[in-house]
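Working notes for the structure below.
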């Protein structure tokens with residue numbers, strides 16, 4: 001953590017990230033998701049750590065607000081831990097997608113800070129899942145930080161959260177995953193159901 005950390009500086013850095021985000025890249029993800037829904041494809045959201053928790057929230061929003069069939073393997077802790085215990089961590093997502101019969105109508109959305117890096121053995125499970133997605137012809141989407149790692153190299157559409165402070169890559173990336181996917185599910189090309197508070201009449 002940088003020694004000059006303060007909440008006011010953190011918020012200023014968040015504002016800088018907002019200014020630097022590539023809105024056109026995010027719009028491309030919107031178009032990919034709209035096409036996915038139109039062809040009755042499924043969306044598989046992959047992430048680890050805080051990004052895994054974000055995947056669970058995102059899946060709820062894609063399903064409830066957008067009418068997209070969406071899943072996150074990390075929501076099934078029994079299968080996740082069984083596969084980790086029996087077969088190893090690096091294969092858990094690819095094996096899960098195999099059983100789900102991932103195919104060319106589907107898409108994989110990666111939420112990750114680094115996007116996967118086999119050379120440094122970081123998020124190898126994401127890399128292996130994306131190799132399967134490539135082999136099956138599934139579309140690959142991502143919301144990632146830094147340079148995006150393997151995800152950014154192979155994705156059909158990716159939003160990269162820019163690094164504005166090398167000491168705050170993880171918190172800002174995971175925070176902006178939420179901001180970006182909430183923008184996706186609020187987009188008129190995708191949103192199919194109202195959110196509760198916006199639908200309530202003012203008192």
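The values are calculated or read from the model by the stated rules, or taken from the named source; none is laboratory data. This structure is a prediction, so every number in the text was calculated from the model and none was measured. Positions of Cβ are generated from backbone atoms using ideal geometry, with glycine treated the same way; all protein chains shown enter the neighbour counts.
Is it the case that some residue within region 146-155 is closer than 24 Å to residue 95 by Cα, touching a residue at least 12 places away in the same chain (Cβ under 8 Å), in a strand (DSSP E or B) and in contact with a helix residue (DSSP H, G or I) (Cβ under 7 Å, 6 or more places away or on another chain)? No, there is no match, as no residue in region 146-155 is closer than 24 Å to residue 95 by Cα, touching a residue at least 12 places away in the same chain (Cβ under 8 Å), in a strand (DSSP E or B) and in contact with a helix residue (DSSP H, G or I) (Cβ under 7 Å, 6 or more places away or on another chain).
Remark: residue 164 matches the filter, which requires a residue to be surrounded by 13 or more Cβ atoms within 10 Å (Cβ to Cβ) and assigned to a loop (DSSP other than H, G, I, E, B). Restricting region 57-87 to residues that are in a loop (DSSP other than H, G, I, E, B) and touching a residue at least 24 places away in the same chain (Cβ under 8 Å), the residue that is farthest from the chain's Cα centre (by Cα) is 67.
Looking at residue 90, is it under 21 Å from residue 144 (Cβ atoms), modelled with pLDDT under 95 and in a helix (DSSP H, G or I)? Judged against the criteria, residue 90 is a match. In the set (1) closer than 18 Å to residue 139 by Cβ; (2) out of contact with any helix residue (DSSP H, G or I) (no Cβ under 9 Å at 6 or more places or on another chain), the condition left unmet by residue 15 is number (1). Scanning region 110-138 for residues that are farther than 15 Å from residue 161 by Cα and assigned to a strand (DSSP E or B) yields 117, 122.
Of all the residues in region 18-46, those that are closer than 17 Å to residue 160 by Cβ, in contact with a strand residue (DSSP E or B) (Cβ under 8 Å, 6 or more places away or on another chain) and part of a helix (DSSP H, G or I) number 5.
Screening residue 141 on (1) assigned to a strand (DSSP E or B); (2) out of contact with any strand residue (DSSP E or B) (no Cβ under 9 Å at 6 or more places or on another chain) shows it passes everything except condition (2). Pairs meeting the criteria (first residue in region 9-27 and on the phi > 0 side of the Ramachandran plot and in contact (Cβ under 8 Å) with a residue 40 or more places away in the chain, second residue buried (at least 16 other Cβ atoms within 10 Å of the Cβ) and outside any helix (DSSP H, G or I), beta carbons under 8 Å, at least 6 apart or on different chains) are lacking. Among the residues of region 170-201, which ones are at pLDDT below 95 and part of a helix (DSSP H, G or I)? Matches in region 170-201: 196, 197, 198, 199.
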